[in-house]
Amino acid sequence: MLTSSELLDVLACPGCGTQLAQEDEESPSLACVSCGARYPVRHGIPFLLPSDLEVAPAPADKGLTHKQRQVSFFDQDPADDFGITRPRGAPELYGWLLREKFRRSVLGLEEVLPGATALTICGGSGLDAELLARAGARVILSDISLGVVLQARERAKRFGLDITLIVADAEALPFRDGSIEVVYVHDGLHHLENPALGLAEMARVARRAVSVTEPAAAAATAAAVRIGLAEAEEEAGNPVRRLTLDEIVSELSSRGFRPLQPHRYALYYRHWPGRAVRILSQPVLFPLARAGFAAVNRLFGRYGNKLAVQAVRVRDATDT
């Protein structure tokens, strides 16, 4: 976990990009030293959203903006605590798929993570933050929803994780340019109103590396939408905005990053594991399921429904 001074060293006003400071000794709130914007600390968590993002309480209100729908939906109390505990208690294949997804997301970055400060955006209830922490990183988790950030805090408490938590907008990250060694997103950009802006913000903030794992804008995904295995609209009611592998590689390359092993692959699981996953997790079938997954990806992975891009910074984006 970052100390208060370490966190202040990397934070910036999401409105004007200037340094933040503690408002006074008796208040944990933060204030911008330039524009004077004030940012509260709620439940011990810095609330660093742009001033123009006002969240309405009712998710059914049709007048809500894209971001307001996201916050209102994900601030609701979860039906259970599976989001906090997963993959614990889930079938073995389910946990293996999550670990495989993470392994692909950090290909080429394995030696970068230990000891590095890593920011996970759209961090949700903290699964990715936990995996990054287990890989040796000092993790900051950010999400636009205080509700899921509180779930992440509960995950950290239960499982002994040192994770720094903030509420932030992925399209206006409250961090200084090049202040975080590794910036990471897992299935988060497609939730944004402007995924390209979220990706640009990741590149702006990252000093050493970026990792992106997302559903691919691909024929396989389009087919999955038609048969109900993927969504065209997310639970909060917003459209899903998928990116292509080429779009991500091109954007990161233009901002001074060198992609390492960008690739598409096939992987599917539901949030709550179903009967098929339970059956395939049986000791006799589990090795066959893993072998089948590997075979499918050797043959057809390039057409898969998921993409992973890892990139390292080779020059400042302003260099010519």
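Work out which helices of the chain, taken as complete DSSP H runs, extend at least 18 Å along their axis over the Cα atoms and score a mean Kyte-Doolittle of -1.0 or more, then list them.
Values: long enough: 92-105 (20 Å, -0.97); 146-159 (20 Å, -0.17); 286-300 (21 Å, 0.86).
Correct list, ordered by number: 92-105, 146-159, 286-300.
At 1.4 Å probe size, with every protein chain present, just tell me what the per residue accessible area of the chain comes to in Å².
It amounts to 47 Å² per residue over the chain.
With the full set of protein chains in place, find how many percent of the accessible area of the chain is carbon and sulfur; take the probe as 1.4 Å.
Values: 7850 of 15040 Å².
Answer for the chain is 52 percent, counting heavy atoms of protein chains only.
Simple spin-label model, 7 Å along Cα-to-Cβ: residue 33 to residue 3 in nm?
In this crude label model, residue 33 to residue 3 measures out at 1.8 nm.
For the chain, compute the number of Lys pairs whose alpha carbons are separated by less than 30 Å, excluding pairs fewer than 8 positions apart on the same chain.
Qualifying lysine pairs in the chain: 5.
For residue 254 and residue 76, compute 0.36 nm times the residue count separating them, minus their Cα-Cα distance, and round to one decimal in nm.
Contour length minus Cα-Cα distance gives 60.2 nm.
Determine the equivalent ellipsoid of region 118-214 by diagonalising the alpha-carbon gyration tensor, then write out the semi-axes as square roots of 5 times the eigenvalues, largest first, rounded to whole Å.
Working: eigenvalues 78, 44, 24 Å².
Equivalent ellipsoid semi-axes, largest first: 20, 15, 11 Å.
May I ask for the equivalent-ellipsoid semi-axes of the chain, computed as the square root of five times each C-alpha gyration tensor eigenvalue and listed largest first in whole Å?
On the way: eigenvalues 197, 101, 79 Å².
Square roots of five times the eigenvalues give 31, 22, 20 Å.
Using the basic label-point model (7 angstrom from Cα toward the beta carbon), what is the residue 22 to residue 154 distance in nanometres?
Spacing of the two 7 Å Cα→Cβ label points: 2.9 nm.
Count charges around residue 19 for me, please; just the other residues with Cβ under 15 Å from its Cβ, Lys/Arg as +1, Asp/Glu as -1.
That sum, taken over residues with Cβ under 15 Å, equals -2.
Tell me which of 276, 259, 120 sits at the most positive position along the dipole axis of the chain, charges placed on C-beta atoms (Lys, Arg +1; Asp, Glu -1).
276
Of 186, 199, 151, whose Cα points farthest to the positive end of the dipole of the chain (charges on the beta-carbon: +1 Lys, Arg; -1 Asp, Glu; origin at the Cα centre)?
Positive-most Cα among the choices belongs to 186.
The values are calculated or read from the model by the stated rules, or taken from the named source; none is laboratory data. Nothing here was measured: the structure is a model prediction, and the numbers come from that model. We place every Cβ from the backbone using ideal geometry, glycine too, and count neighbours over all the protein chains shown. Note: accessible area is taken over every heavy atom of the protein model, side chains too, but ligands, DNA and RNA are not part of it. Shrake-Rupley method; radii C 1.70, N 1.55, O 1.52, S 1.80 Å.
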